[in-house]
Amino acid sequence: MTPRKPLILLPCEPFDPREVDPDFEAEQRAAEAAGLDTALIDHSRVVEGAATTAVARAPEEAGLAVYRGWMLTPNQYESMHAALLLRGTTLINTPEQYRACHYLPESYQWIEGHTPRSAWLPLDGALDLERLKRCIAPFGDSSLIVKDYVKSQKHYWQEACFIPSASGFGRG
């Protein structure tokens, strides 16, 4: 028996669940040109907490699937994963694997030698500047980039992301 090819799940157009989101049209064409099946899921519905409705257009008993779409929180991904399992479709990444790859502190142990040195501070309220200074002290005079665990505010580069010198932080 020939193994089935994985199904590629893509987000639908938010206002037309029968059409792929325009940002993923090229990927849908490429997958189909490679002989892969594609199906649409409703990203907005997953985010709203309606994962069962979101995956209703995915074929039943599809076997293995790859989600290629907009980022989801780990809880949203877990809900989508569970809803697909009920339909006989298994996402290639478990919710635990998704979470580990989604948040830098959880994946850093595997990528440490292949990514810039990193440090992080979990925030449960106001930022403690003394704690932040201790965290960045090992970087010496190096410039730093400040990021969220998932994505940055790169469109606010000078205001939110870039510190020209770790040693000059907090002066003046």
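Observations on the model:
- Value of relative contact order over the chain, rounded to a whole percent, pairs C-alpha under 8 Å and six or more apart: 15 percent
- Restricting the calculation to alpha carbons of region 7-101 gives Rg and Dmax of 12.1, 33 angstrom.
- Projected label points at Trp120 and Ala50, each 7 Å from Cα along the beta carbon direction, are separated by 3.2 nanometres.
- Were the residues from Glu27 through Lys147 laid out at 0.36 nm apart, the gain over their Cα-Cα distance would be 40.4 nm.
- Share, in percent, of DSSP beta bridges within the chain that are antiparallel, nearest 5: 30 percent
- Which labelled figure in (1) 52, 30, 28; (2) 64, 37, 31; (3) 51, 34, 28 is Cα extents along the principal axes in Å, once derived from the coordinates: (2)
- Antiparallel content of DSSP bridges confined to region 7-101, in %, to 5: 15 percent
- Peptides 74-87, 133-146, 27-40, 50-63 ordered by packing proxy, namely the average of other Cβ atoms within 10 Å per residue, highest first: 74-87, 50-63, 27-40, 133-146.
- Added length on full extension, which subtracts the Cα-Cα distance from 0.36 nm per residue, Gln97 to Trp110: 3.4 nm
- Were the residues from Met71 through Phe139 laid out at 0.36 nm apart, the gain over their Cα-Cα distance would be 21.4 nm.
Values quoted throughout were computed directly from the atomic coordinates according to the rules given, and no laboratory measurement underlies them. Because the structure is predicted, anything quoted here is derived from the model rather than measured. Here Cβ is always computed from backbone atoms with ideal geometry, including for glycine, and neighbour counts include all displayed protein chains.
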